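J.: Once you've had a glance at the structure underneath, I'll fire off some questions.
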Amino acid sequence: MERPPSEGTADPLPCRAARPRLGAVELSETRYAQSGDVAIAYRVAGGGPVDLVMTPGSISNVELFWAHPLFAAMLERLASFARTIVFDKRGTGLSDRVKKVATLEERTDDIRAVMDAAGSDRAVIMGVSEGAPMAALFAASYPERALGLILYGGHARGTWAPDYPWGDTEDEIRRFIDDQERAPTPVTEESIRRVLGVLMPSKAADEDFVRWWASFRRMSISPGAMLDLMRMNMEIDVRAVLPTIRVPTLVIHRTGDRVAKVEEGRYLAAHIPGARYVEQPGDDHVFAGDGSAPVIHEIERFVEQLPEADLEPDTVLATVLFTDIVGSTATAAELGDRRWRELLERHHDAVRGQLARFRGREVDTAGDGFFATFDGPARAIRCACAVGDAVSELGLEVRAGLHTGECELLDDKVAGIAVSIGARVAARAAPGEVLVSSTVKDLVAGSGIQFADRGAAELKGVPGEWRLYAVEGA
């Protein structure tokens, strides 16, 4: 993991300025896509038959990428066979700075916003370094927009765990963040040389490159934004997402990578159905430079071998929400048929209003219960909480349950074990409670949503034990 130094005085860039055309490749000016209330900077290069969206690692700047010969050469090569779309994640590069740590869900929304703005209906999604979890989640959640998935130097989890024995522990990262907040490490050539010794050893002794990287680092992300990014990445865990990916996938990893261990690349490939794994020699985590040719060769080969048929996906990663009214039978008996029917209509209107607000899709309504799906778990949780608040004004109380998993697409309906799990979780919720599975909890890292551990439970008809959590603040 790169240890983030802090700001200093920028050195001039010893490279050519970005321009609209480099060699035979057309290059757009920097443009902006609107993702919620955040503007995301992106550039488009080339005009190949397939779109390639590159999700960068922690440090990026769409102007400076094209201002250095090594990065420009790498991007020009990609743009020679694919229309290449490169963007800066929120809080980095030329994109808007943000006031809070962005969640993985929000950053996945940024990919979609950039594709929409660039006029890309479907694309190969490439995730580099800590952009890999973003790309993986996007491919699982929006398979209709992902022609394929490429993961380079990526990982599935942000910290060490007993069943994921790579990376720093959460305590180690928190101590480092605390130390940096008390006494930030200045961005000097010496500090950058140490960073490159881990990140890109082949360039650590290249004084021109060290000076350039120092300027690139300062102009791409502030010290505070880097620490916020570390906090968010520390909570990433997309292991449950990997088996739900159903698009063609290529995983590339270098054997000597010191940022993301080679075992992490092997883990990704082993847990994504049908993934092709390519392991290459080398120590550089960054693949721009002399060693980029073998990586780009594999990317081009993958793109050229994508199936020509435009198949519609039959499964999708989704968050399912089930709600029902507490004590509905007794309330109906007390009110009588006509008044109960009127109250139920007001309840339905309130629920549908919140579904529209949080981008939920109503799948079914049975009696006093709702079944809906969402493309993001944090939105689903906030919707469930908002539903509870809205119906309380009607004198009603609901229980809600959520789970994120692979759902089968059947016309306008969804089915499968994930739906059954969601229904069983809802059945265990107490009156007024929003109960979620551990998968949902893991995927909303950085959202600020607080949970209370409800322990492990057996869900009727579902194998194994499931750890459940009650939402305490959303």
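The values are calculated or read from the model by the stated rules, or taken from the named source; none is laboratory data. Predicted model, so just to flag it, every value in this text is computed and none were measured. For neighbour counting, all protein chains shown are included, and Cβ atoms are generated from backbone atoms with ideal geometry for every residue, glycine included. The protein model used for the area step is the full one, side chains on, heavy atoms only, and it has no ligands, DNA or RNA in it. Shrake-Rupley method; radii C 1.70, N 1.55, O 1.52, S 1.80 Å.
J.: So which strands (runs of 3 or more DSSP E) stay within the range 378-474 end to end and still have 1 or more residues that are modelled with pLDDT of 95 or more?
T.: Working: elements: 398-410, 413-415, 434-437, 450-458, 465-473.
Once the strands (runs of 3 or more DSSP E) in the range 378-474 are filtered for at least 1 residues that are modelled with pLDDT of 95 or more, what remains is 398-410, 434-437, 450-458, 465-473.
J.: Looking at the range 349-370 only, could you name the residues that are within 17 Å of Val326 (Cβ to Cβ) and not β-branched (Val, Ile, Thr)?
T.: Hits for the range 349-370 are Ala350, Ala366, Gly367, Asp368, Gly369, Phe370.
J.: Can I ask one more? Out of Phe374, Phe370, which single residue is more than 25 Å from the chain's Cα centre (by Cα) and closer than 27 Å to Thr108 by Cα?
T.: Phe370
J.: Continuing with the same structure: Report yes if some residue within the range 217-233 is at pLDDT 95 or above and more than 24 Å from Leu147 (Cα to Cα); otherwise report no.
T.: So the first thing to find is which residues in the range 217-233 are at pLDDT 95 or above, and the list is none.
No.
J.: Right, another one. Under the condition of being under 30 Å from His271 (Cα atoms) and over 22 Å from the mean Cα position of the chain (by Cα), which residue from the range 166-185 is least open to solvent (accessible area, probe 1.4 Å)?
T.: Let us first name the residues in the range 166-185 that are under 30 Å from His271 (Cα atoms), namely 166-174.
If we keep only those that are over 22 Å from the mean Cα position of the chain (by Cα) as well, we get 171-172.
Values: Asp171: 98, Glu172: 77 Å².
Looking at residues that are under 30 Å from His271 (Cα atoms) and over 22 Å from the mean Cα position of the chain (by Cα), I get Glu172.
J.: Mind checking which residues of the range 155-165 are open to solvent by 40 Å² or more (accessible area, probe 1.4 Å) and within 20 Å of the chain's Cα centre (by Cα)? Steps first, answer last, please.
T.: Looking only at the range 155-165, we keep the residues that are open to solvent by 40 Å² or more (accessible area, probe 1.4 Å), and these are 157, 160, 162-163, 165.
Once the filter is applied, which keeps residues that are open to solvent by 40 Å² or more (accessible area, probe 1.4 Å) and within 20 Å of the chain's Cα centre (by Cα), the range 155-165 yields Arg157, Trp160.
J.: Further question: Looking at (1) more than 25 Å from Ala161 (Cα to Cα); (2) in contact (Cβ under 8 Å) with a residue 24 or more places away in the chain; (3) part of a loop (DSSP other than H, G, I, E, B); (4) not small (Gly, Ala, Ser), can you tell me which one Val295 breaks?
T.: (3)
So that you can scan it fast, the table gives a plain yes or no per residue for (1) open to solvent by 10 Å² or more (accessible area, probe 1.4 Å); (2) part of a loop (DSSP other than H, G, I, E, B); (3) in contact with a Cys (Cβ under 6 Å, 6 or more places away or on another chain); (4) at negative phi:
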position	(1), (2), (3), (4)
Ser58	yes, yes, no, yes
Ala72	no, no, no, yes
Val86	no, no, no, yes
Lys89	no, yes, no, yes
Val98	yes, yes, no, yes
Ala102	yes, yes, no, yes
Glu106	yes, no, no, yes
Asp110	no, no, no, yes
Val114	no, no, no, yes
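J.: Further question on the same structure: For the range 448-474, name all the residues that are open to solvent by 20 Å² or more (accessible area, probe 1.4 Å) and of a type outside the set (D, E, K, R). Explain how you work it out, then say what you get.
T.: Here is the first cut: in the range 448-474, the residues open to solvent by 20 Å² or more (accessible area, probe 1.4 Å) are 448, 450-451, 453-454, 456, 458, 460-461, 463-467, 469, 471-474.
If the condition is that a residue be open to solvent by 20 Å² or more (accessible area, probe 1.4 Å) and of a type outside the set (D, E, K, R), then Gly448, Gln450, Phe451, Ala456, Gly461, Pro463, Gly464, Trp466, Tyr469, Val471, Gly473, Ala474 are the ones that fit.
J.: Scan the range 360-377 for residues that are surrounded by fewer than 24 Cβ atoms within 10 Å (Cβ to Cβ) and either within 17 Å of Ser420 (Cα to Cα) or modelled with pLDDT of 95 or more (or both) and jot them down.
T.: Here is the first cut: in the range 360-377, the residues surrounded by fewer than 24 Cβ atoms within 10 Å (Cβ to Cβ) are 361-369, 371, 373, 375.
Answer for the range 360-377, where residues must be surrounded by fewer than 24 Cβ atoms within 10 Å (Cβ to Cβ) and either within 17 Å of Ser420 (Cα to Cα) or modelled with pLDDT of 95 or more (or both): Arg361, Glu362, Val363, Asp364, Thr365, Ala366, Gly369, Phe371, Thr373.
J.: From the list Glu312, Glu308, Glu345, Glu304, pick out the single residue that is farther than 30 Å from Gly274 by Cβ and either of a type in the set (Val, Ile, Thr) or loosely packed, with under 13 Cβ neighbours inside 10 Å (or both). Break it down into steps so the answer makes sense when it comes.
T.: On the way: Glu312 fails: farther than 30 Å from Gly274 by Cβ; Glu308 fails: farther than 30 Å from Gly274 by Cβ; Glu304 fails: farther than 30 Å from Gly274 by Cβ.
On inspection, the qualifying residue turns out to be Glu345.
J.: For the range 418-474, what are the residues that are among the polar types (S, T, N, Q) and in contact with a Lys or Arg (Cβ under 6 Å, 6 or more places away or on another chain)? I'd like the intermediate steps shown before the answer.
T.: Pass one, the range 418-474, residues among the polar types (S, T, N, Q): 420, 437-439, 447, 450.
Result: Ser438, single match.
Each row is one residue, and each column tells you yes or no for (1) more than 19 Å from Phe138 (Cα to Cα); (2) touching a residue at least 60 places away in the same chain (Cβ under 8 Å); (3) not acidic (Asp, Glu).
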position: Ser191; (1), (2), (3): yes, yes, yes
position: Gly224; (1), (2), (3): yes, no, yes
position: Leu242; (1), (2), (3): no, yes, yes
position: Asp257; (1), (2), (3): yes, yes, no
